[in-house]
Amino acid sequence: MKMICIGRNYSEHARELNNPVPAEPVFFMKPESAQLRNNQPFIYPEFSNDIHYEAELVLHVCKVGRNIQERFADSYFDGIAVGIDFTARDLQQKAKDKGLPWEIAKAFDFSAPVSKFIPLSVFPDISKIRFGLYKNGELVQQGNSSDMIFSFNRIISYVSRFVTLKQGDYIFTGTPAGVGPVKIGDQLEAFIEDKKLLLCNIR
Ligand code: MG
């Protein structure tokens, strides 16, 4: 499996990192080894001094597809989770400054904790899903899928022009404003609507 991650999909977040609001989706990938399962702790890596959390809604891809038309895209995912796109912001900034790829800052081992997936049928309206993140009990990020620049269906259609989607792939759909650093000892809790679905302790 692979994880496809959308960058800059909430205009307030694009602004907080001084990035332009994109005209087309920006995406990058995390490999299978980036998975962090079952609320396991995140071990702060030695290669960075500025790891940031980014809480995101995550789609579970349920069938293979390429060149998917937007109007059919909603049949290619069957569940939604909340995940964290851990980012080595110091390494990312260096890469951005030099025009280099982002993998070193985004694709490292265990950089992608994800909750269990909630079946689509549970959501009354997937275009209005509230989610967010608490750090040490304080609400630090809150977003709503209604504020995404590119919808789930647009993302699937766009990405599948370049990369074949396969059953079991994950799609991280971008983070709202409020990203920030973690330090050893912090506790992150991510939620969808009123349910805390993901716990991640920083060790
Ligand atoms: Mg992200």
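The values are calculated or read from the model by the stated rules, or taken from the named source; none is laboratory data. The structure presented is a predicted model; accordingly, all values stated were derived computationally and were not measured. With ideal geometry, Cβ positions are generated from the backbone for all residues, glycine too; neighbour counts draw on all protein chains shown. The protein model used for the area step is the full one, side chains on, heavy atoms only, and it has no ligands, DNA or RNA in it. Shrake-Rupley method; radii C 1.70, N 1.55, O 1.52, S 1.80 Å.
Kindly list the number of the only condition in (1) part of a loop (DSSP other than H, G, I, E, B); (2) out of contact with any Asp or Glu (no Cβ under 7 Å at 6 or more places or on another chain); (3) in contact (Cβ under 8 Å) with a residue 12 or more places away in the chain that fails for ALA190.
Here ALA190 clears every test but (1).
Residue by residue, here is whether (1) open to solvent by 50 Å² or more (accessible area, probe 1.4 Å); (2) of a type in the set (Ser, Thr, Tyr); (3) under 16 Å from LEU59 (Cβ atoms); (4) part of a strand (DSSP E or B) holds:
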| residue | (1), (2), (3), (4) |
| --- | --- |
| LYS116 | yes, no, yes, no |
| SER121 | yes, yes, yes, no |
| PRO124 | yes, no, no, no |
| GLY132 | no, no, no, yes |
| VAL140 | no, no, no, yes |
| GLY143 | no, no, yes, yes |
| ILE155 | no, no, yes, no |
| ARG161 | yes, no, no, no |
| GLY168 | no, no, yes, no |
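Of the residues LYS2, LYS30, which single one is touching a helix residue (DSSP H, G or I) at 6+ places or on another chain (Cβ under 8 Å), within 15 Å of the ligand (Cβ to nearest atom) and not acidic (Asp, Glu)?
After ruling out the rest, the residue left standing is LYS30.
Given the criteria crowded, with 23+ Cβ neighbours inside 10 Å, modelled with pLDDT of 95 or more, closer than 14 Å to THR173 by Cβ and out of contact with any Gly (no Cβ under 9 Å at 6 or more places or on another chain), does ILE80 qualify?
Answer is yes for this residue.
For the stretch 5-27, how many residues meet the condition of being more than 16 Å from GLU103 (Cα to Cα), among the hydrophobic types (A, V, I, L, M, F, W, C) and within 13 Å of the ligand (Cβ to nearest atom)?
The total comes to 2.
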